[in-house]
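In what follows, a structure is listed as structure tokens, so that the remarks can point back to it.
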Amino acid sequence: MEASVLSPYYHIIFAAIALLVSGIMILFTRNSKSKRLTLPPGPPGWPVIGNLFQVAGSGKPFFQYVRELLPRYGPIFTLKMGSRTMVILSSADLVHEALIEKGALFATRPSENPTRTIFSCDKFTVNAALYGPVWRSLRRNMVQNALSAAKLRTFRHVRDTAMDKLVERLKMEAEANGGAVWVLRNARFAVFRILLAMCFGVEMDEKTIEKMDDMMKTVLITLDPRIDDYLPLLRPFFSKQRKKAMEVREQQIATLVPFIEQRRAAVKNPGSDPTAAEFSYLDTLFDLTVEGRKHPPTNPEIVTLCSEFLNGGTDTTGTAIEWAIARFIENPTIQSKLYDEIKATVGEKRVDEKDVEHMPYLNAVVKELLRKHPPTYFSLTHSVIEPAKLAGYDIPIGTNVEIFLPGVAEDPKLWKNPKKFDPDRFLTGGEDADITGVTGVKMLPFGVGRRICPGLNMATVHVNLMIARMVQEFEWRSFPEDTKIDFSEKLEFTVVMKKSLRATIRPRV
Ligand code: HEM
């Protein structure tokens, strides 16, 4: 979802303009059709701007604002964000009705703001495409040709190397800093290294990885929502930002195209590049047939598809690892149970991804992690392909349907003691949940239904493997030692720890 990071300062700058505009617009909207629709209830707002300034002016992250409205408005409510109508869902029944029972109806995405349209090549990505032929072609390609179990196996050595390099980096950082390491930064870097190799078919050196990472972060910052995304009438005031966005897009293309061309040459002349991997995501894109199109993707479109691949799995996975380590530090018993399981399963050898399939406690820890700390608190925004009903309310075309994941995963009607981080619930307590939502919805860190995350299997391998290696190699403690972990959250693309986690590590051997 994208409404999360509107800076409160906009409140002051644009209040006057928006109120003026309100006056004019109210005349046009008085007799609008939407008056006859029965939308879910929600906090009263201003004409035209709706609840926009209540949200932005609260100074709270959007997920916090939504959490506080739940007791008052229940599991389905409406927020008017300027020209956008947002309907928030936060119960398993409603998610089931929308994404499973009426899955085809709720499977599309709403219109994008102009900046996103530039970077998505007019919705030419799996995540942004409208529900239709382009989405089907791109998604099928990603799932069947790039992320199938067989293709994932070909990258096993890439994951092993990335884990070795992660351990090396952590050791060096700890040695230089009295045992202290930054968790998120290192975990992100490790997974980014894997995704880059999978995407471009070359293992890059650290300098190049950092350059790519900087580029990716610049793009994400450029995509941060602005006030004019919600009040298009204000767009003329943002021409500088639009120009900047175009420049960033050009930089992004200039940075990525050389890697694309290098791979294209290697695919055309097999054996010509000894560093080239046997397969990469790029290989599936060069000649991709997209339903309804006569030509394969252009280079700018390939840049966009590669960025999606890298963005989808980097911050999400890194964030999961940060919360995991925080939980292990808070609860040394969980950490030592995990270490005991690793030792009992692999003895003295290095734990690898085959082993993690035989470690029920690790699997329970990861599941509990994704229940209690889903890396994103909202799934990507859904929208309807035609006017629909949900829980008896109207959901018009163009509505942003937002799913608040903790509303389901922390529902006391579904979970015993839901606030507690307790991996044992999946082993002893008779509690379980199908993470794919096929047999019912109780938690949905990857979404459910037609738009469920296509990276689910790969991401689960990455999280399991990284945790196993990090706990096998090191004992994790707080930094400074004997301080308490602060579990406050903040939004930074994903929901990360407000106080970025620095931990003390001690090598086990
Ligand atoms: C722990 C890691 C991850 C989490 C928690 C996660 C979570 C999610 C969520 C919540 C959605 C939205 C589902 C919806 O719209 O209902 C999603 C969609 C998506 N994810 Fe992931 N994801 C992760 C890793 C990955 C990876 C590794 C990739 C690929 C390399 C990826 C690629 C995508 C794509 C392309 C979509 C859009 C699917 C569509 O619209 O059809 N994700 N993910």
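Computed from the coordinates by the stated procedures, all read-outs in this text should not be read as laboratory data. Note that the coordinates shown come from a computational prediction; the quantities given were computed from them, not determined experimentally. Heads up, the Cβs are rebuilt from the backbone with ideal geometry, glycines too, and the neighbour counts pull from every protein chain shown.
Per-structure values
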quantity	calculated
222 nm mean residue ellipticity, helices alone, for the chain (DSSP H n ≥ 4; -39,500 (n - 2.57); rounded to 500)	-15000 deg cm²/dmol
The range 379-442 - charge dipole about Cα centre, Lys and Arg +1 at Cβ, Asp and Glu -1, debye rounded to 20	180
Cβ charges +1 (Lys, Arg) and -1 (Asp, Glu), total dipole of the range 9-507, debye	1520
Karplus-derived HN-Hα couplings along the range 441-446 (A = 6.51, B = -1.76, C = 1.60, θ = phi - 60°), whole Hz, x at Gly and Pro	10, 10, 7, 8, x, 10
P(r) weight above 23 Å for the range 202-294, C-alpha pairs, percent	48
Mean Cα-pair separation over length for the chain, i.e. relative contact order, pairs under 8 Å, 6 or more apart, %	22
In degrees, nearest ten, helix 360-372 long axis to first principal axis of the chain (Cα)	20
Helix 456-473 axis, angle to the chain major axis (alpha carbon atoms, nearest 10°)	40
Nearest 10 degrees, 0 to 90: helix 183-200 Cα axis against the chain principal axis	90
